[in-house]
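Nothing in this text is a laboratory measurement; each read-out follows from the coordinates by a stated rule. Worth saying up front: this structure is predicted, and the values here are computed from it rather than measured. Quick reminder, even Gly has a Cβ in these numbers, built from the backbone with ideal geometry, and neighbours come from all protein chains shown.
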Amino acid sequence: MNKPPPQPPPDPAEPTGPGPDPAVHARGLTVVRGTRRVLDALSFDVAPGTVTGLLGPSGSGKSTLIRAIVGTQAKVTGTLDVLGSPAGSAGLRSRVGYVTQAPSVYGDLSARQNLDYYAAVLGIPRSRRAAAVTQALTDVDLTSHADDLAGNLSGGQASRVSLAVALLGAPELLVLDEPTVGLDPVLRRDLWDLFHRLAAHGTTLLISSHVMDEADRCAHLLLVRDGTLLAADTPRALREQTGSDTVEEAFLALVDAARAAEDSTP
Amino acid sequence: MNASRTLATARRVLRQLGHDPRTIALLLLVPILLLVLLYYVFDADRRAFDSIGASLLGIFPLVTMFLVTSIATLRERTSGTLERLLSMPLGKGDLIVGYALAFGLLAVVQAALATGVAIWFLDLDIAGSPWLLLLVALLDALLGTALGLFVSAFAASEFQVVQFMPAMIFPQILLCGLFAPRGSMQPVLEGISNVLPMSYAVDGMTEVLHHSEATGDFVRDIGVVAGSALLVLALGAATLRRRTA
């Protein structure tokens, strides 16, 4: 039911450039919760092997979009293909890594035990499990806390355990909902370095944030406001298009323009 | 369903409990202490202790597993771990059977301790085999696990989920024949008690109490308990949704 229509409808946000098959391909993506349209006819592509930032204020629909991509959101209509299959297909469950905003790990298990369980669920063979777990802990710099209960870790440490779970099994697409919230600047830089290393090895990353200064670390940006896509472009193009110095200013300029358009067509 | 994912889930649940020795101690010791209490309550009437004690051996595992499972799965739902697991290649059956295995194992230990103490220290006088008591206790525990899993879908908080205990378990205790023979109840209540699974759990215990062999009634009773547990487990599986609003 999520097959792309032969003639995709024209859309102002249509990204340019053909390139390889997109990791995420959305056309007219709409999500309804109750009577409210949480996402309204979003169309965009996420290029493979890149870091794409999903930016917007809180409550703009970022988390809903992420949940639609990983296939946990109900009432999704329109086209949404992930790695060539409709979002939520059974075959995607081990190919897409997902980190929720709140750390979804077991507080009454150690970091290592958490990872060990999730690795088993992902079907990583027993013989390779310990190595995969250690690698993930190293990636998020938590080896010194590996045997602490996740519930006793600090907020930032617990969210890194949650991130480490998503790294298990080297998924092709990593979808991260605000992974750097509450982390100190050093750790944030280290994580962004990790994200770029992963992208360099071919992993596609979609990272949501409401911190605009992280936008310049992304190759491509999706700006979301009130469930609609304000813009989809590179940080540089967005700055140039709006004549701004920073992505934050560009975003505000786009918001003002959208408001003005809304006011003129009530 | 996948055996290694199911076993990994059971091991994970047991590991979580392993970090919580106080819960394990409470789970294992409280039934024994309550039996001892009951023994002295019926100080002058040992026959009454035999019949109520045997019934309680069936009720304890159901109640404790109901509480433990309902809260464990509610936490799984509210902490986001359930959503994460269901975005991974984990079957709903893997999760449910994993929980049932882990809590079933705990229930076996609990029931073995309680039954052992009742028979050898409190002189509980049963005609049948203690193994049959243990079998009924295990099936009751599975029923409790199944009910707990099911009701956790209808609770948004721990406050709500513990209220399901008086709402779903107390009526069954009142109507299972522990306080008055089921046949002597007001006919409507007797009819209700005939469709509540705990009635059969207690009937099964009573059969073991009075008969040295596994009677036809006993087989029917444990069949009803096992069938109810499977039915409720299936209903519980239906409450696990990969996609939620």
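When only alpha-carbon atoms are used, what values of Rg and Dmax, in angstrom, describe segment B:172-245?
Rg and Dmax of segment B:172-245, Cα atoms, are 15.5, 55 Å.
Which listed residue (A:A131, B:G53, B:P187) has the Cα farthest towards the positive end of the charge dipole for the protein assembly as shown, taking +1 on Lys and Arg C-beta and -1 on Asp and Glu C-beta about the Cα centre?
About the Cα centre, the residue reaching furthest to the positive side is A:A131.
Dipole of the protein assembly as shown, Cα-centred, from +1 at each Lys and Arg C-beta and -1 at each Asp and Glu C-beta, to the nearest 20 debye?
Values: 39 positive and 47 negative charges, 159 e Å.
Rounded to the nearest 20 debye, it is 760 debye.
For B:A156 and A:D263, FRET efficiency with R0 = 35 Å and r from the beta-carbon atoms, rounded to 0.05?
On the way: r = 40 Å, r/R0 = 1.13.
Rounded to the nearest 0.05, the efficiency is 0.35.
Where does chain A land on the Kirkwood hydrodynamic radius, alpha-carbon pairs, in angstrom?
Over chain A, the inverse of the mean reciprocal pair distance is 19.2 Å.
Using the per-residue mean of other Cβ atoms lying within 10 Å as a proxy for protection, in what order, highest first, do the peptides A:58-68, B:97-107, A:85-95 fall?
Descending mean neighbour count gives B:97-107, A:58-68, A:85-95.
For segment B:143-177, list residues with backbone N below 15 Å from a point placed 7 Å from the Cα of A:V181 toward its Cβ?
Answer for segment B:143-177: none.
I'd like to compare B:52-59, B:76-83, A:212-219: which one has the highest average count of other Cβ atoms within 10 Å, and what's the full order after that?
Highest-to-lowest ranking by the protection proxy: B:52-59, B:76-83, A:212-219.
For B:F179 and B:I24, what does the FRET efficiency come to when R0 = 45 Å and r is the distance between their Cβ atoms, rounded to the nearest 0.05?
Working from the Cβ atoms, E equals 0.90.
Under the Kirkwood approximation applied to all pairs of distinct alpha-carbon atoms, what is the hydrodynamic radius of the protein assembly as shown in Å? Could you put the intermediate results ahead of the total?
Working: mean 1/r = 0.0391 Å⁻¹.
25.6 Å is the Kirkwood radius here.
Return the tail of the calculated pair distribution for segment A:106-170, meaning the percent of Cα-Cα pairs more than 16 Å apart.
On the way: 674 of 2080 pairs.
Considering segment A:106-170, 32 percent of its Cα-Cα pairs are separated by more than 16 Å.
For the protein assembly as shown, what proportion of DSSP beta bridges, expressed in % and rounded to the nearest 5, is antiparallel?
Taking every DSSP beta bridge with both residues in the protein assembly as shown, the antiparallel ones total about 50 percent.
How many percent of all Cα-Cα pairs in segment B:1-159 sit more than 19 Å apart?
For segment B:1-159, the fraction of Cα-Cα distances above 19 Å is 56 percent.
Other chains' Cβ within 10 Å of B:84-94 residues: what's the mean?
Shielding by partners across B:84-94 averages 6.
In debye, nearest 20: dipole of segment A:69-194 around its Cα centre with unit charges on the Cβ of K, R (+) and D, E (-)?
Charge dipole of segment A:69-194: 420 debye, to the nearest 20.
Quote the FRET efficiency, to the nearest 0.05, computed for A:S85 versus A:A170 with a Förster distance R0 of 22 Å and r equal to the Cβ-Cβ distance.
Between A:S85 and A:A170 the formula returns 0.75.
Kindly provide log₁₀ I(q)/I(0) values, in the same order as q = 0.15 Å⁻¹, from the Debye equation applied to equal alpha-carbon scatterers of segment B:107-177.
Values, matching the q order: -0.65.
When DSSP assigns beta bridges and you keep just the ones with both residues in segment A:116-266, what percent turn out antiparallel, to the nearest 5?
Once the DSSP bridges in segment A:116-266 are tallied, antiparallel ones form about 50 percent.
For segment B:4-67, what's the radius of gyration and Dmax over Cα atoms, in angstrom?
16.0, 53
How big is D, in µm² s⁻¹, for segment B:163-205 by Stokes-Einstein at 20 °C and 1.002 mPa s if Rh is the Kirkwood radius over C-alpha pairs?
Taking Rh from Cα pairs, D becomes 209 µm²/s.
Would any residue of segment B:55-73 have its amide N under 17 Å from a label point 7 Å out along Cα→Cβ of B:F121? List them or say none.
B:57, by backbone N distance to the label point.
What whole-number distance in Å separates the alpha-carbon centres of segment B:140-213 and segment B:1-71?
When both Cα centres are located, 15 Å separates them.
Give me the net charge of B:S70's neighbourhood, meaning all other residues with Cβ under 13 Å from the Cβ of B:S70; Lys, Arg count +1, Asp, Glu -1.
Computed value for this residue: 0.
Hey, what angle do you get for helix A:111-121 against the long axis of chain A, alpha-carbon based, 0 to 90 degrees rounded to 10?
It is inclined by approximately 70 degrees.
Kirkwood Rh over alpha-carbon pairs of segment A:107-252, then Stokes-Einstein at 37 °C and 0.692 mPa s: what D in µm² s⁻¹, rounded to an integer?
Calculated translational D: 197 µm²/s.
Please compute, for peptide B:4-12, the average count of beta-carbon atoms on other protein chains lying within 10 Å of each residue's beta-carbon.
Neighbouring Cβ atoms belonging to other protein chains average 4 per residue here.
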